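These notes concern the structure reproduced below.
The values are calculated or read from the model by the stated rules, or taken from the named source; none is laboratory data. As the structure is a prediction and not an experimental result, all values here were calculated from the model. For neighbour counting, all protein chains shown are included, and Cβ atoms are generated from backbone atoms with ideal geometry for every residue, glycine included. Heads up: the accessible areas ignore ligands, DNA and RNA and are worked out on the full protein's heavy atoms, side chains in. Shrake-Rupley method; radii C 1.70, N 1.55, O 1.52, S 1.80 Å.
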Amino acid sequence: MKNYPEHIEEKIGFDQIRQKISAYCFGPKGKEMAAKAGFSNRFESVELWLAQTGEWLRILEEELGMPEGRYLDIAKSLDKLRIEGYFLFEEEFLELKWVLKTIDGLTRFFNQHSEDFPQLQALIAHIPPQRPLIQAIDAVIDDEGRMRSNASPLLQQINSLISDIEREVQKRARSLYKKAKDQGWTADTELSVREGRIVIPIVSEHKRKLKGIVHDESGSGQILYIEPTEIIEMNNELRELQLERRREIERILRELTAKIAPEAESIRNYNNRLGVLDFIRAKALFARSISAQVPVLKKAMQIRWIKAFHPLLLLHHRQSGLDTIPLSVELNEDHRLLVISGPNAGGKSVAMKSIGLLQYMVQCGIPVPASPDSYTCIFKQLFIDIGDEQSLDNDLSTYSSHLTNMKHFVELANGKTMVLIDEFGTGTDPQFGGPMAEAILESLNRKKVYGVVTTHYSNLKLMADKVEGLQNAAMAYDTAKLQPLYRLETGKPGSSFALEVAAKIGLPEQIISRARKKVGHKQQNLDDLLLDLEKERKEMEEKLAKAAAEEQHYMRLKEEYASLKENLESRKKDILQQAREEAYQLLKNSNSLVEKTIREIKEAGKEVKKNKRQELSDTRQKLEKEVKEGRKVLEPSNEPLEVGAQVRLRGQTSTGVIIELQSKKATVEFGEMRTQVDITRLERVNRKTARELKRQAGGFDTVKEMQQFNMDIDVRGQRGEEAVQSVISFLDRAIILGFDKLRVIHGIGDGILRKLIRQQLKGFPQIEKMEDEHIDRGGQGVTLVYLK
């Protein structure tokens, strides 16, 4: 059963995908395959195509040095080999040699990597080495497509004779030309060639003075081109040798053609496979250009696209420097038909077309831009009803064309059909269009059809909420700014926001009020309910985002604390061990000194005993003094803070000098850098402590960090989650270093990145406020963050 309608590819944009893949093809065979490759509903075929393209994607990613070669169409040359008496010319043999070299290179590559790329290797598994044919051609034809001068002994001999005679002819002709020129007979031109023979340009009034044959004359008749009698015989001999060379070249080409002819059909088969490889390679190159992945293929009827993109929209936005909002959606046995509602220009049709185009690409064996965790199944056919199909030729109105399509759907769709219906039920009186659409949707649902419909009709939204097999979805909308967010959200219907949009664009309030009254209480209550739900959802998302940011922040602090604690414990153990070793050494030295002194006292006289006791006393006092100084050297000073005092950040080793003191803040000079610091974070140190801290400094150098820290961070071009992580890490460093003002550059765009970053930062208690930069310095594209 065929897809519907016949021009479905143009409707969903696959014709543009086909063109882009064709542009990546090297040769005409690959382009031909790109033009003809179509949709398959056979699971095994699609699975094979995706596996082949996936393998080539890996080759591109791993950069394995695969030979590129040349992909040429040699079908006409191969056809000539079938005709008796025909032979190939030099340029045709050159193209044949390139193709054989390409085939041979790919065969050797895939044979070497058969375990890594089994599906691609299977395409050329039984192709034998092409070296004998390549060498046979290469022995005769060079890489420029010319016959080699030594292609045969006779040809080499003829070429040698021709070269000798040409040199002699040139020598004699130049001698005759010089003589004629000296006599004033020649025109102001050099030696020339006419009909393959060297001639001298002679002014017509002197034509009798040079004996020879006139081969040509100038347009005015003033110059005659004469072949001198002295070189006629040599030119005749040269001409005979040239004819002999042509006959020998033809003989060699016929002989080479006879060698190749028996392999013609095999080469044709190899060339066709080369076209297939060219097409697969082109699909892989296109897939890489859209960051595509090979999705999981399931036999069960279920689809799950995670962070998927419309490929054409993705490429367009990349060229324009815009962000593209990913699509996440799931269709399964419980929710087969998705009913998408929401305001106009909110992205309903794009979301529906994305789902259809991604499915069509998969069933053509093309990877899609989606998360690798995504999966899909195989449909027997796709039916779509998108756009206006009215026709004067067939006397069909817009609504009649829609009903014609619906008749086809209802009659031929089944549980393995995907349908895409845009603006379901429109084109006629809503009083009748809505119920008709509902009845058709009921029929499709009974047939277990899968698909997506877009609508503004409330009865379809209510039906999707109640009927099993259907599910509501809406395009997210900023109710405060009345702007679409282009994000698909399943599980709830969306409002059309018709009255709100009308108010925003400035339609008179009295008209809007009358319209609101005419809507009816039931419809108005439904829209109000949808608006309230949207506001509540937005508030809940903001709270969840804030809670997630806080949790993430505290988890990071917890990890840093654990790391710091572990580091301190390690340092504590090292210090204690060092102290034990020093104490042991001190004790050992002291014992040695005491034993030595006692021994000397026993052996010495009274005066010596007195001197030794004094030495012991002096040693004890010296040790006590060193221990006492060792304890005090790192203790902070109790003196108050004042301008000129040396200070350090509590818990840090870097020291600085106070150059200005206020009530709660102090301006401190750390090296070549000045910064304001809360005085509660400072402690005064004496000169000795400062020197010791400087000696012991290591690890995290605050001064160096403060000097290198940039108060601006630019996250333009990053994805939302990546940008938030960068900003949070940046904020943590700023808090540690004591900065009080930061600039986050996120760009303007649709304001999505700005909003996401500000929502995440709301959860930080260290932030005093956030605001836009001055309009001259970036305006809404830059957020100023003030820290407490």
Quiz prompt | Accessible surface, per residue, of the stretch 1-95 when the full set of protein chains is kept, probe 1.4 Å, Å² | solution = 56
Exercise. State to the nearest 20 debye the size of the charge dipole of the stretch 1-136 about its Cα centre, where the only charges are +1 on K and R beta carbons and -1 on D and E beta carbons.
Key: 280
Quiz item: What do you reckon, how do Phe409, Phe89, Phe43 stack up by accessible area (1.4 Å probe), largest on top?
Solution: Phe89, Phe43, Phe409
Quiz item: In the stretch 1-154, carbon and sulfur make up what percent of the accessible area (probe 1.4 Å)?
Solution: 49
Quiz prompt | Rounded to whole Hz, the Karplus (6.51, -1.76, 1.60) HN-Hα couplings of the stretch 294-301, x for glycine and proline | solution = 8, x, 6, 9, 10, 7, 5, 7
Quiz item: For the stretch 67-206, with only Lys/Arg (+1) and Asp/Glu (-1) charged at the beta-carbon, what is the dipole magnitude about the Cα centre, in debye rounded to 20?
Solution: 600
Self-check item: At most 12 other Cβ within 10 Å, DSSP loop - GluC sites (Glu not before Pro), the stretch 38-70
Solution: Glu63, Glu68
Exercise. Run the dipole for the stretch 1-46 about the Cα centre, Lys and Arg Cβ at +1, Asp and Glu Cβ at -1, nothing else charged, and hand back the magnitude in debye, nearest 20.
Key: 120
Quiz prompt | Where Val668, Val467 fall by accessible area, highest first, once all protein chains stay in place (1.4 Å) | solution = Val467, Val668
Exercise. Quantify, in whole percent, the carbon and sulfur part of the accessible surface of the stretch 393-472 (1.4 Å probe; protein heavy atoms only).
Key: 52
Quiz item: Given a 1.4 Å probe and the protein chains all in place, what does the accessible area of Ile679 round to, in Å² to the nearest 10?
Solution: 50
Quiz item: Normalised by the residues of the stretch 321-458, what does the relative contact order come to in percent, with Cα pairs under 8 Å and at least six apart?
Solution: 34
Practice problem: List the relative contact order of the stretch 177-242 as a percent without decimals, with contacts defined as Cα pairs under 8 Å and 6+ residues apart. | Solution: 27
Quiz prompt | 5 angstrom amide H check on Arg487, placed H, neighbours 5+ away | solution = Ala476
Quiz item: Relative contact order, percent, of the stretch 94-206 when contacts are C-alpha pairs under 8 Å separated by at least 6 residues?
Solution: 16
Quiz item: With every protein chain left in place, what is the accessible area of Tyr270 in Å² (1.4 Å probe, nearest 10)?
Solution: 30
Practice problem: Write down the accessible area per residue of the stretch 335-468 in Å², having rolled a 1.4 Å probe over the full set of protein chains. | Solution: 37
Quiz prompt | Nearest-0.05 FRET efficiency for Lys80 and Ser371, computed from C-beta distance (R0 56 Å) | solution = 0.60
Quiz prompt | Exposure rank, largest accessible area first [Lys466, Lys380; 1.4 Å] | solution = Lys466, Lys380
Quiz item: In the neighborhood of Ile745, defined by Cβ-to-Cβ distances under 11 Å, what is the net charge if each Lys or Arg adds +1 and each Asp or Glu adds -1?
Solution: +1
Quiz item: How many Å² of accessible area per residue for the stretch 285-327, probe 1.4 Å?
Solution: 51
Quiz item: Which of the pairs Lys543/Lys665; Lys307/Lys492; Lys80/Lys283; Lys307/Lys755; Lys461/Lys755; Lys466/Lys504 have their Cα atoms more than 28 Å apart in this structure?
Solution: Lys543/Lys665; Lys80/Lys283; Lys461/Lys755; Lys466/Lys504
